Amino acid sequence: MAEYQETLAGEVKKAKRELRKEAQEESDRVFRRKSILLSEITMALLAAYLAQTVAVLIIEKDTAAIIPLWFLDRGRDVMWLLQNLGNLYQRFYQTLITTMPPQLAAGILLFVSIAITAVLFFFICIGCRCLLQKWKKRWEYYERKGVEVFKKSVMIGIAFMGFSLLLAVMKLPLIPIRLNVVSWWILITGITEYLYFYYDGCDY
């Protein structure tokens, strides 16, 4: 009797494992099928968002006209930064040559510049590596779940939707700061994408 009960318990455990496995496989199949359907719907919405964005750019001609100014302003910012760095180096150089030969002062400035550049490059590489590893794990998780196409579609949709949101934000009378349309788009899209990935239920 004891041997029979032990055999029966083993068969029951085996049957439960098989049923659980079959149920999980069926659930994964249904989930993937629904994900594909949802991805197709999202892609259709993407086409609508793209058409809406193009229409908004055509209608809001004044807003679209200031987009190139953002790139021009960024070029001016780079030139301003380079000019101030040059002035800072010149000031340090003038201070150093009062106490040491010009060749030694130039060598010290060159060494300090290389050291600062190396440290910044090191930290930037570490940060990029961490972000890329996290990004890779996240998309491997999405690929296993079969929602990779859906996630990519939603990301693009959020970027298109961000353009419509920024036009509404720019017209609010209570906004204390006035930024270029591209700056608003980057800000709104970045925050929205972050919130989307933060609350998507993935631990990575």
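The values are calculated or read from the model by the stated rules, or taken from the named source; none is laboratory data. Just so you know, these numbers come straight off a predicted model, no measurement behind them. All Cβ positions, glycine included, derive from the backbone under ideal geometry; neighbour counts span all protein chains shown.
Of note:
- Selected residue (only one of 158, 116 is under 25 Å from the mean Cα position of the chain (by Cα) and of a type in the set (Val, Ile, Thr)): 158
- Listed by first and then second residue, the pairs linking a residue in segment 9-34 that is touching a residue at least 12 places away in the same chain (Cβ under 8 Å) and part of a helix (DSSP H, G or I) to a residue that is surrounded by 10 or more Cβ atoms within 10 Å (Cβ to Cβ) and not basic (Lys, Arg), with Cβ atoms under 9 Å apart and 6 or more places separating them unless they lie on different chains, are 28/146; 31/146; 31/147; 32/146; 32/147.
- Of all residues in segment 144-160, those that are basic (Lys, Arg) and crowded, with 19+ Cβ neighbours inside 10 Å have Cβ atoms under 7 Å from Cβ atoms of residues that are modelled with pLDDT of 80 or more and assigned to a helix (DSSP H, G or I), 6 or more apart or on another chain, in 151/142.
- Every pair of residues 6+ apart whose Cβ atoms lie under 9 Å, when the first sits in segment 112-138 and is free of Cβ contacts under 8 Å to residues at least 60 places away in the same chain while the second is in a helix (DSSP H, G or I): 112/92; 113/89
- Taken together, 186, 177 contain a single residue that is assigned to a helix (DSSP H, G or I), out of contact with any helix residue (DSSP H, G or I) (no Cβ under 6 Å at 6 or more places or on another chain) and not hydroxyl-bearing (Ser, Thr, Tyr), which is 186.
To keep it simple, each residue is scored yes or no on (1) surrounded by 13 or more Cβ atoms within 10 Å (Cβ to Cβ); (2) at pLDDT 75 or above.
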site: 1; (1), (2): no, no
site: 6; (1), (2): no, no
site: 20; (1), (2): no, yes
site: 28; (1), (2): yes, no
site: 37; (1), (2): no, yes
site: 50; (1), (2): yes, yes
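- Among (1) at pLDDT 85 or above; (2) under 30 Å from residue 57 (Cα atoms); (3) of a type in the set (Ser, Thr, Tyr), the one test that residue 164 misses: (1)
- Near pairs, Cβ below 6 angstrom, 6+ apart or cross-chain, from segment 90-101 (over 14 Å from residue 112 (Cβ atoms)) to any residue that is of a type in the set (Gly, Ala, Ser): 97/105
- Of the numbered criteria (1) exposed (fewer than 10 other Cβ atoms within 10 Å of the Cβ); (2) in contact with a Pro (Cβ under 9 Å, 6 or more places away or on another chain); (3) of a type outside the set (Val, Ile, Thr), the one residue 96 fails is (1).
- Verdict on residue 172 being farther than 28 Å from residue 38 by Cβ, free of Cβ contacts under 8 Å to residues at least 60 places away in the same chain and out of contact with any Phe, Trp or Tyr (no Cβ under 6 Å at 6 or more places or on another chain): yes
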